[in-house]
């Protein structure tokens, strides 16, 4: 027995598939560019925690500067630190930003800040 009528087509068209692939590729490229800055942030946070073990502001800056040079981080310097003393502990706070060039005049600005306990 023959079927009559129209069947509904399912799935992606080729143009739809290309569009989805392009969107996934662009998001992947942006994530690939953001990932090193996130890793760098956690390294800076770890360095700030280690530097907070110093007893003076100068010592905190020295420990932080040595850590930056060992990890080859050039996004910030020890001058970007805000060092305060709370009770008997040194508290180290930092803030910096990174810009990632996307395309043409478009940039993605990432602002990072952190503070030791």
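Here the label points at residue 17 and residue 49, each 7 Å from Cα along the C-beta direction, are separated by 4.7 nm in the simple model.
Prolate is the label for segment 35-85, because a/c, from the alpha-carbon gyration tensor with a ≥ b ≥ c as root eigenvalues, is 1.5 or above and a/b exceeds b/c.
Against the chain, whose longest principal axis is taken from its Cα atoms, helix 14-51 shows a tilt of about 10°. For the pair residue 108 and residue 65, label points projected 7 Å from Cα toward Cβ lie 3.4 nm apart. In the chain, Cα pairs under 8 Å separated by at least six residues give a relative contact order of 20 percent. Here the spin labels are modelled as points 7 Å beyond Cα on the Cα-Cβ line, and at residue 100 and residue 56 they lie 4.1 nm apart. Helical runs (DSSP H, four residues minimum) scored at -39500 (n - 2.57) apiece and divided by the length of the chain put the mean residue ellipticity at 222 nm at -16000 deg cm²/dmol.
Ranking of 115, 10 by neighbouring Cβ atoms within 10 Å, starting from the fewest: 10, 115. Note the listed values (1) 13.5; (2) 7.7; (3) 8.9, then indicate which one is mean projected area of the Cα convex hull in nm² calculated from this particular structure. Of the labelled values, this structure produces (1).
When both segment 23-40 and segment 73-117 are represented by their alpha-carbon centers, they are found 19 Å apart.
To the nearest ten degrees, helix 57-70 and the longest principal axis of the Cα atoms of the chain are 40 degrees apart.
To the nearest 0.05, what FRET efficiency results for residue 73 and residue 26 with a Förster distance of 30 Å applied to their C-beta separation? The computed FRET efficiency comes out at 0.60.
A short reminder: the numbers here are calculations on the coordinates, not readings from a lab. Everything numeric here is computed off the predicted structure, so don't read it as measured data. Virtual Cβ from ideal backbone geometry, glycine too; neighbours counted across all protein chains shown.
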